[in-house]
Amino acid sequence: MTAQTKTSRSMHSSSVIAQRMRPFLAIATVTLFTLMILMVWLSPFGYMVATGLKDRKMITEQGAPIWPATPTTFTYEGKDYPIHLVPTEDGTIHRWAIFKKGREESLFIDPENPEAEPIQWTGRWRTLKRDWKFSPKWGNFTRAWEELGMPLLLRNTLVIAITGAIGTLLSCIAVAYGFSRFRIPGKNILFMILVSTMILPTFVTLVPTYVLFNQIGWVGTWLPLIVPHFFANAYNVFLLRQFFMAIPRELDEAAMIDGAGPLRTLISIILPQAIPVIVSVGVLHIVWAWNDYFMPLIYLATKPKLQPISIAIQNYNALYFAQPHMVQASSLLGLVLPVVLFFAAQRFFMQGVVFTGVEK
Amino acid sequence: MSTAFSGFSLKQLRLKKTKMSKLVRREALWGLLFLSPWIVGFLLWTFLPMVASLIFSFTNFSLIYPGETQWVGFGNYIKFLKDPIVGMSVKVSLRFALIAVPIGIIQPILMAALLNDGRLRGKRFFMTLFYMPYIVPLVSAVYIWAGVMNDQTGWINMALRTVGFPAPDWLNDPTWIYPALIIVGLWGVGDMMLFHVAAMQGIPTELYDAARVDGAGRIASFRHITLPMISPVIFYNLILSVIGIVQYFIIPFVLKGGSGEPGNTTRFYAMQLYKEAFAYSEMGYAATMAWILFVFVLIMTVVLFATAKYWVYYAAEEG
């Protein structure tokens, strides 16, 4: 917008074509600039995939490329000879296998013409670069899958995430409905208390809650990670209430006149119209629970059989810290589901955020 | 459900006094019924634990010797003031906050400004991909970055060496650990970025048109229109950042296993609190640390809200 007005203001400039080009140039420059930032922003994913597909030796190998590769060799008379990139005087670079190494001179074989005499090349072979071929080690992922015990982790994590999501949805929908549709004495004060719980540091309530769960034997079970979600939380109530308040009241009044009770109105009038935000809350909870590290750390530290994926990956990587390819392969296994879910339900993620954002 | 109602019998009495009609009372009862999960939850998981926490803080309650629990008065609070490790962790957290919070405020503003630029094409594409790392599990994100910032084999240092810059040992050098932690944290800026984008899109274009007529350039209109108009979101981010930063410890905990390395720079307050509670089972002392943290957060929030009237612009949110 601004660029266009600027151009029109300086119309008396000599070249009309240059003038017409300016907005496009501005668009191209800004978009390319953003694209560059995006590439840097996402490059850690590239590192993760590339390293996760590498052979252990190739990570620290001098001169190895950043992509998963193995050095090429040529088999000659039953023996493997490493292939190097050999420059000759006419400027071309040959892929030759080194046959006999010497200090100042070496013998090479041309793999395309192995029958010929070995080629003598003058120069230090140690300065030559190796020839690499793309060779992803998919086995790293199956290994990480097995060593992590993914089937069990998937079961644990999904049980915690999905039951928690059901609890969050049931309770938050009810509470948001109460806040958005009913005249209740002291409602504003209650709502303020609800919102102010957002600023409460977790630790203030965590210490006694842990003691309580310890007392009733819930530490070392999934219950502390699931049950509290059946009692609503400020963030999701706020989000759902925002949405419910935007639904016209005339509809539920009409339903009431037709004899529908409050529960009936909620189920047949409000919920069908609020499906996008309900999906948002559900999906965001599943991703949140999948990613949560702190609560499982506290409540399931001693129960490896019940632990979700976040804890398992950390334990695994504490063990395999010296094997970067396995660390990256296991990190990738940890983020596949949230990322796939994100791209599949992308609209709902962003929508949820923007709904709350507009109000605050 | 019955507990929720008995808890509210006082309010019902008041209703009778004001002679509310049967219908109005019925509505209030239904409303309370719907609110009851939260009311019960608030009492069960927030209010009572807070009271219990306060009571714990005056005892030497330990989960290992629960039978020997005794009142110690202000003993834990006096211990807190004298505890050299806690003193160090307070300093560590404050020092980190002074660097991390301003960056955490500026970063989403800059990203949103870029994403909101009229000359940018493919906004939805960019927004989605800039947001994406936000949903990556923290544990995965930490290990990915630990790899990227590896002294020898990480891409950052490989790039720095190629250009001929010195390549620091990000994760083991006390000078570079905070920048490293902040970079990992900034990857999860996605939702704040979207809040800022939404706020910027809500600014009426007439304001920019008027500014242009008055001869304001790009930077002037950003400073005098965009920033004041999105100040409520900046304020919201500031409050959440302060609350988040005082409880910060998970990233260094995953990275360094709670060792405080390098050179005690990651011995954050919340890490110390976590250890007192869940490694040493000193629930009394941990509760003291938690309550002091809570009071600090409360004071900070009140102070920030008091400053809000000088710089947060709420005209757009009437009604």
Within the stretch A:36-45, of all residues that are facing chain B (nearest Cβ under 8 Å) and of a type outside the set (Val, Ile, Thr), the one surrounded by the most Cβ atoms within 10 Å (Cβ to Cβ) is A:Pro44
Residues in the stretch B:243-252 that are surrounded by 20 or more Cβ atoms within 10 Å (Cβ to Cβ) and in a helix (DSSP H, G or I) total 4
Condition met for B:Ala97 (closer than 30 Å to B:Val233 by Cβ, small (Gly, Ala, Ser) and either buried (at least 18 other Cβ atoms within 10 Å of the Cβ) or outside the structural domain of B:Leu293 (by TED's automatic domain parsing) (or both)): yes
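A quick yes/no check of all residues on (1) assigned to a loop (DSSP other than H, G, I, E, B); (2) under 22 Å from B:Leu194 (Cβ atoms):
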position	(1), (2)
B:Ala112	no, yes
B:Asp117	yes, yes
B:Leu129	no, yes
B:Tyr134	no, yes
B:Val142	no, no
B:Ala146	no, no
B:Ile156	no, no
B:Ala159	no, no
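With respect to B:Trp170, determine if the residue is touching an Asp or Glu at 6+ places or on another chain (Cβ under 8 Å) and buried (at least 21 other Cβ atoms within 10 Å of the Cβ). Before the answer, list the steps.
Numbers: touching an Asp or Glu at 6+ places or on another chain (Cβ under 8 Å): yes; buried (at least 21 other Cβ atoms within 10 Å of the Cβ): yes.
Criteria met by B:Trp170.
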Just one listed residue, out of B:Ala199, B:Ala210, is among the small types (Gly, Ala, Ser), crowded, with 16+ Cβ neighbours inside 10 Å and in a helix (DSSP H, G or I), and it is B:Ala199
Residue hits (the stretch A:155-189; part of a helix (DSSP H, G or I), within 10 Å of chain B (Cβ to nearest Cβ) and more than 34 Å from the chain's Cα centre (by Cα)) are A:Gly178, A:Phe179, A:Ser180, A:Arg181, A:Lys187
Just one listed residue, out of B:Thr265, B:Thr288, B:Thr226, is touching a residue at least 12 places away in the same chain (Cβ under 8 Å) and either under 22 Å from B:Pro174 (Cα atoms) or touching a Pro at 6+ places or on another chain (Cβ under 7 Å) (or both), and it is B:Thr265
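Quick check: anything in the stretch B:166-181 within 30 Å of A:Val283 (Cα to Cα) and more than 7 Å from chain A (Cβ to nearest Cβ)?
Taking the stretch B:166-181 first, the residues within 30 Å of A:Val283 (Cα to Cα) are B:181.
Filter again for more than 7 Å from chain A (Cβ to nearest Cβ), leaving B:181.
For the stretch B:166-181, residues within 30 Å of A:Val283 (Cα to Cα) and more than 7 Å from chain A (Cβ to nearest Cβ): present.
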Across (1) part of a loop (DSSP other than H, G, I, E, B); (2) within 11 Å of chain B (Cβ to nearest Cβ), A:Leu206 clears everything bar (1)
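How about the stretch A:111-159: which of its residues are charged (D, E, K, R) and farther than 22 Å from A:Pro65 by Cα?
So in the stretch A:111-159, the residues charged (D, E, K, R) come out as A:112, A:115, A:117, A:124, A:126, A:129-131, A:133, A:137, A:143, A:146-147, A:155.
Selection gives A:Glu112, A:Glu115, A:Glu117, A:Arg143, A:Glu146, A:Glu147, A:Arg155.
Take B:Phe235 and decide whether it is within 11 Å of another protein chain (Cβ to nearest Cβ), within 30 Å of B:Arg212 (Cβ to Cβ), part of a helix (DSSP H, G or I) and not polar (S, T, N, Q).
yes
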B:Ser53 meets each of (1) part of a helix (DSSP H, G or I); (2) more than 26 Å from A:Met198 (Cα to Cα); (3) among the hydroxyl-bearing types (Ser, Thr, Tyr) with one exception, condition (2)
Those residues of the stretch A:31-86 that are free of Cβ contacts under 8 Å to residues at least 24 places away in the same chain and assigned to a strand (DSSP E or B) come to a total of 3
message: I'd like to know if the stretch A:303-326 contains one or more residues that are part of a helix (DSSP H, G or I) and basic (Lys, Arg).
response: yes
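Just for the stretch A:313-335: of the residues that are within 17 Å of the chain's Cα centre (by Cα) and more than 7 Å from chain B (Cβ to nearest Cβ), which one is nearest to B:Leu255 (Cα to Cα)? Before the answer, list the steps.
The initial filter retains those residues of the stretch A:313-335 that are within 17 Å of the chain's Cα centre (by Cα), namely A:313-314, A:327-335.
Filter once more, so that each one left must be more than 7 Å from chain B (Cβ to nearest Cβ): A:329-330, A:332-333.
On the way: A:Ala329: 17, A:Ser330: 15, A:Leu332: 17, A:Leu333: 19 Å.
Only one residue tops the list, namely A:Ser330.
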Please verify whether B:Glu261 is of a type in the set (D, E, K, R) and either touching an Asp or Glu at 6+ places or on another chain (Cβ under 7 Å) or within 25 Å of B:Gly73 (Cβ to Cβ) (or both), treating the condition exactly as stated. no
Among A:Ser171, A:Ser196, the single one that is in the same structural domain as A:Phe244 (by TED's automatic domain parsing) and modelled with pLDDT of 95 or more is A:Ser171
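Restricting attention to the stretch A:286-312, and to residues there that are of a type in the set (S, T, N, Q) and either within 21 Å of the chain's Cα centre (by Cα) or surrounded by 24 or more Cβ atoms within 10 Å (Cβ to Cβ) (or both), which single residue is farthest from the other protein chains (Cβ to nearest Cβ)?
Step one: list which residues in the stretch A:286-312 are of a type in the set (S, T, N, Q), which gives A:291, A:302, A:307, A:310.
Now narrow it down to the ones that are either within 21 Å of the chain's Cα centre (by Cα) or surrounded by 24 or more Cβ atoms within 10 Å (Cβ to Cβ) (or both): A:291, A:307, A:310.
Values: A:Asn291: 4, A:Gln307: 12, A:Ser310: 5 Å.
Across the stretch A:286-312, the extreme among qualifying residues is A:Gln307.
The values are calculated or read from the model by the stated rules, or taken from the named source; none is laboratory data. These numbers come from a predicted model, not from an experiment. FYI the Cβ positions are ideal-geometry reconstructions off the backbone, even for glycines, and counts take in every protein chain you see.
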